[in-house]
Amino acid sequence: MELTEFGFKDVRLMEGEDIAFAINVADPAGRPSSKYPEALLLTDTRVIHLSGPQKKRRVVMAAVEDIVSVEIASYRRGIASYLWAALAFVLAFVLFATMENSVIRLGASAVVLLMGVYLIVNQLTEPGRPTAIFKAGATEINWSYGPDDDADDVNSFISRMFQIKASNGSRNGSHRSFAPR
């Protein structure tokens with residue numbers, strides 16, 4: 001089965017493998033994003049994260065039975081905004097100290113200084129982007145989503161994945177139990 005409906009023409013599933021749940025990053029019209037397609041797929045045997053255009057494609061797969069936990073965390077962007085803000089403050093000082101025309105000196109310095117302030121305020125007030133992290137041994141599948149957009153889809157995806165895992169375990173007869181010694 002090809003995955004063209006998700007924007008991935010060259011990716012195929014194994015024979016007999018069916019998609020149980022899919023979350024797709026789409027444009028406002030509902031079509032897969034052509035610039036940077038991304039999809040999280042749950043089949044009856046694997047979790048597959050596909051991202052990127054054809055030449056920069058990234059695919060991460062993990063067997064459903066190997067996934068031991070799912071973590072949902074909210075991550076911020078890091079310190080890059082603070083570094084750019086510090087650079088803006090330094091540049092504002094340099095502009096103020098080196099320009100001769102007082103109107104241009106004040107205007108240019110103020111604009112650059114306000115850009116730095118904006119970066120800091122934006123970093124402090126913007127909520128982190130929630131990410132679902134599927135852990136399977138050394139492999140991690142990270143799915144970032146909007147806080148309002150896909151939260152229900154992600155929760156349904158996780159529930160369905162654990163249902164498939166439980167049903168696969170009961171079919172294989174591999175019940176895990178603790179035997180005290």
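So if we plug the beta-carbon distance of V121 and K56 into 1/(1 + (r/R0)^6) with R0 = 41 Å, what FRET efficiency do we get, rounded to 0.05? Walk me through the numbers on the way to the answer.
Details: r = 33 Å, r/R0 = 0.80.
E(calc), rounded to 0.05, equals 0.80.
Modelled label-to-label distance, L83 and Y36, 7 Å Cα→beta-carbon offset: nm?
Inter-label distance under the simple model: 1.9 nm.
Suppose each label sits 7 Å from its Cα in the direction of the beta carbon; what would the A166-I19 distance come out to in nanometres?
Reported label-point gap for A166 and I19 is 2.5 nm.
Testing the spin-label approximation: label points 7 Å from Cα along Cα→Cβ at I133 and R105. State their distance in nm.
Placing both labels 7 Å along Cα→Cβ, they lie 5.0 nm apart.
Please compute the length gained on full extension between A73 and D152, using 0.36 nm multiplied by the number of residues separating them and subtracting their Cα-Cα distance.
26.9 nm
Find, among the GluC sites (Glu not before Pro) in the stretch 63-116, those assigned to loop by DSSP (not H, G, I, E, B) with at most 13 other beta-carbon atoms within 10 angstrom. Please report the intermediate quantities before stating the final value.
Working: sites: E65, E71, E100; in loops: E100.
Loop-located and lightly packed - E100.
A short reminder: the numbers here are calculations on the coordinates, not readings from a lab. Quick caveat, the model's predicted, so the values are computed rather than measured. Neighbour counts run over all protein chains shown; Cβ positions are idealised from the backbone, glycine included.
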